[in-house]
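Below is one structure, written out as structure tokens; the observations come after it.
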Amino acid sequence: MNPLKTKLLFLLLPIALFSCQDRTTDNSVHTITETKPSKLNVSGQVYFYAPEFDKNRCEAYGECDCCSGNILFLDERTFLTIDICESDVWYYKGKYKIVDGNVLLFYDGVMVEKNYNWERETDTTGTVTTEYRITSSKTDPRTQTLTRIACEKNTCFKSNDTETLFASPDKKQKIADLVRQIKEDGIWEKLEMK
């Protein structure tokens, strides 16, 4: 073998080996522990919830059509939950309270549905112009507990109601943008928000 090629091989081999290492497999850096902090403030924040949790990225995720959504903590007491299922969306409101580092969600029994109007797809007359149907209804009030879990510096939550869900700060959605859209769609008024 050519001596120049041999030297080049020995110079490039360590670089190639180092660059191929997976730096995300160190799970000891990202540990999840249940915590009971003295103070917790979620006011003004948006959380994304889903049935899976990536310990390395400290993020909730879900590879499904109807299993994720957002929780908007509007102020120190009021929240909205947005459940997303393909083209349909359900909105719930309520009050929340922080107890021993956990968040208790008290749903007040008002639900607003935003359903895609499928008749518009098959309308050949052009008379069906409504893209979404928005309706409100009463539901049974319920309570949900979000148990705090710490993952690195993120405050995340886990809920074990009927199914296990995880919630982490949403890095894509801004609370002001979501609230503006909810108001523009007429959902805010149907939720009887003040």
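The values are calculated or read from the model by the stated rules, or taken from the named source; none is laboratory data. This structure is a prediction, so every number in the text was calculated from the model and none was measured. All Cβ positions, even for glycine, are placed from backbone atoms using ideal geometry, and neighbour counts span all protein chains on display. Areas reflect the complete protein model, heavy atoms only, side chains present, ligands, DNA and RNA absent. Shrake-Rupley method; radii C 1.70, N 1.55, O 1.52, S 1.80 Å.
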Starting with the highest mean, order 100-109, 156-165 by the number of other Cβ atoms within 10 Å, averaged over the residues of each peptide. 100-109, 156-165
How much area per residue is accessible in the range 65-194 when the probe is 1.4 Å and only protein heavy atoms are counted (Å²)? 58 Å²
How would the range 64-184 be classified by its alpha-carbon gyration tensor: rounded, prolate or oblate, with rounded meaning a/c under 1.5 and the a/b versus b/c comparison settling the rest? prolate
Identify all lysines with a Cα-Cα distance to Lys138 below 29 Å; exclude those on the same chain that are fewer than 8 residues away in sequence. Lys93, Lys95, Lys97, Lys114, Lys158, Lys174, Lys183, Lys190, Lys194
Hey, if we sort Phe79, Phe166 by accessible area with the 1.4 Å probe, largest down, what's the order? Phe166, Phe79
Using alpha-carbon positions, what is the distance between the centroids of the range 98-130 and the range 170-194, in Å? 12 Å
